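Working notes for the structure below.
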Amino acid sequence: MTPEELAQCESSQRQHNERMAHQDRMFTLVQIAEYSLFAQLKPKLVQDGNQWCVLYGEDLQSGIAGFGDTPYKAVMDWTKQWDKKL
């Protein structure tokens, strides 16, 4: 590999790494934003059978609920349901 080819390859790898680091930062910011409503309102997070349930309110009929296979997925579903209810 010539020095020019090596420099081009290194530049390409550096750009790729910078894009990946940027994507990681953006993903982290999105997660923080998605969890902020959860953190502010502090809904209940309970295991319901083989799923997790996030409930804000007295019950499923009058409150806002989200379900998922993991606590994270339940919170994300709850956030979507919150948006629907508004």
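No value in this document is a laboratory result; all are computed from the given coordinates. Keep in mind the model is a prediction, meaning the values are calculated, not measured. Methodologically, a virtual Cβ is constructed for each residue, glycine included, from the backbone with ideal geometry; neighbour enumeration extends over all protein chains shown.
Once you compute Rg and the Kirkwood Rh from C-alpha atoms, what is the Rg to Rh ratio for the chain?
Details: Rg = 20.8 Å, Rh = 15.5 Å.
Expressed as Rg/Rh, it is 1.34.
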(message) Only counting other Cβ atoms within 10 Å, I'd like 38, 67 sorted with the fewest neighbours first.
(response) 67, 38
(request) Taking 7 Å along the Cα-to-C-beta vector as the label spot, tell me the residue 34-residue 62 distance in nanometres, rounded to one decimal. (result) 3.0 nm
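Report the full-extension gain for the segment residue 83 to residue 70: residue separation times 0.36 nm, less the Cα-Cα distance, to one decimal in nm. Please report the intermediate quantities before stating the final value.
Working: separation 13, 0.36 × 13 = 4.68 nm, distance 2.02 nm.
So the extension gain works out to 2.7 nm.
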(message) Helix 71-85 against the longest principal axis of the chain: what's the angle in degrees, Cα atoms only, rounded to the nearest 10?
(response) 70 degrees
(request) Along Cα→Cβ, 7 Å out, is where each label goes; now give me the distance between the ones at residue 51 and residue 15 in nm to one decimal. (result) 4.5 nm
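Can you tell me, using C-alpha contacts under 8 Å and at least 6 residues apart, the relative contact order of the chain as a whole percent?
17 percent
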